[in-house]
1. Go through the residues of the range 91-101 one by one and say whether even a single one is outside any helix (DSSP H, G or I) and either among the acidic types (Asp, Glu) or open to solvent by 70 Å² or more (accessible area, probe 1.4 Å) (or both).
2. Look at the range 174-191 and say how many of its residues are surrounded by fewer than 13 Cβ atoms within 10 Å (Cβ to Cβ), within 21 Å of Ser164 (Cβ to Cβ) and of a type in the set (D, E, K, R).
3. Examine the range 58-80 for a residue that is of a type in the set (A, V, I, L, M) and within 24 Å of Glu11 (Cβ to Cβ), and state whether such a residue exists.
4. Could you grab the pairs with beta carbons closer than 9 Å, sequence gap of 6+ or different chains, first residue in the range 103-126 and under 14 Å from Pro147 (Cβ atoms) and open to solvent by 60 Å² or more (accessible area, probe 1.4 Å), second one among the aromatic types (Phe, Trp, Tyr) and modelled with pLDDT under 95?
5. So Cys12 passes all but one of these: (1) in contact with a strand residue (DSSP E or B) (Cβ under 9 Å, 6 or more places away or on another chain); (2) in contact (Cβ under 8 Å) with a residue 60 or more places away in the chain; (3) under 24 Å from Arg141 (Cα atoms). Which condition number does it fail?
6. Determine, yes or no, whether Asn131 is in a loop (DSSP other than H, G, I, E, B), open to solvent by 70 Å² or more (accessible area, probe 1.4 Å) and modelled with pLDDT of 95 or more.
7. Quick one: Tyr192 ticks every box in (1) touching a Gly at 6+ places or on another chain (Cβ under 9 Å); (2) not in a loop (DSSP other than H, G, I, E, B) except a single one, so which number is it?
8. So, in the range 77-90, how many residues would count as being open to solvent by less than 40 Å² (accessible area, probe 1.4 Å) and in a helix (DSSP H, G or I)?
Amino acid sequence: HISLIKKSIKECKKTLVSIYINKPQFNNKKDFNKYPRVINKDISLIKDSGIDYLYLPKTKELYSKGINKKININSFKNKLCGKFRKGHFEAVADVIDNYIKIIKPNKIFLGEKDMQQLKIIEDFVKRNHKNTKIVGCKIVREVNGIPYSSRNTLLSINEKIIASKVCKFIRSKKKIIIKNKKLIKSIMKEIYSFGVNKIDYVELLDINKVI
């Protein structure tokens with residue numbers, strides 16, 4: 001997240017950062033309850049980064065009119081992660097919609113790590129908020145190759161080793177898979193051999209053509 005802040009400071013006159021764990025976008029209570037919360041550490045890092053404003057909203061502020069159950073987002077929501085996280089992308093679009101109405105930002109900086117989410121939000125904001133632009137920011141990775149992520153802090157040492165192997169393997173096979181989609185099944189077998197217990201999906205998409 002600090003990389004997003006640095007990019008905003010570089011490109012904008014003023015930078016506002018907000019911390020808020022959006023309950024509606026979680027698909028189960030356990031996931032929400034165990035989601036990492038290090039608010040004091042986050043605030044310290046953010047202050048040191050040189051931002052102009054820090055916004056810590058209450059739920060009643062962001063959802064003064066309640067949850068928008070009729071929010072309209074792209075059908076790309078039904079693929080990839082969307083198959084397993086019903087309502088997730090609608091909830092993300094809803095909270096961002098509320099943020100925009102309150103803050104009225106010129107730009108919003110989002111990481112490319114959640115690429116499906118990024119494309120869906122780009123499309124949503126483009127259609128509904130003409131004065132706000134979504135800026136995608138490059139993935140920042142740990143030394144072992146896996147992306148920095150709040151949830152990754154919950155992984156055990158062994159799980160991080162497995163995740164690292166999967167990440168490096170997929171990246172090394174990227175060009176080969178693009179040339180031959182039929183290799184995806186064999187790729188999945190290889191991933192299981194690393195110690196992975198479950199694979200939700202391995203798919204190949206042209207991200208520039210999904211929306």
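1. No, there is no match, as no residue in the range 91-101 is outside any helix (DSSP H, G or I) and either among the acidic types (Asp, Glu) or open to solvent by 70 Å² or more (accessible area, probe 1.4 Å) (or both).
2. Counting residues in the range 174-191 that are surrounded by fewer than 13 Cβ atoms within 10 Å (Cβ to Cβ), within 21 Å of Ser164 (Cβ to Cβ) and of a type in the set (D, E, K, R) gives 3.
3. No, the range 58-80 contains no residue that is of a type in the set (A, V, I, L, M) and within 24 Å of Glu11 (Cβ to Cβ).
4. If the second residue must be among the aromatic types (Phe, Trp, Tyr) and modelled with pLDDT under 95, the pairs left are Lys113/Tyr148.
5. (3)
6. Yes: the conditions hold for Asn131.
7. That leaves (1) as the condition not met.
8. 4
The values are calculated or read from the model by the stated rules, or taken from the named source; none is laboratory data. Since the structure is predicted, the reported quantities are computational estimates derived from the model, not experimental observations. All Cβ positions, glycine included, derive from the backbone under ideal geometry; neighbour counts span all protein chains shown. Heads up: the accessible areas ignore ligands, DNA and RNA and are worked out on the full protein's heavy atoms, side chains in. Shrake-Rupley method; radii C 1.70, N 1.55, O 1.52, S 1.80 Å.
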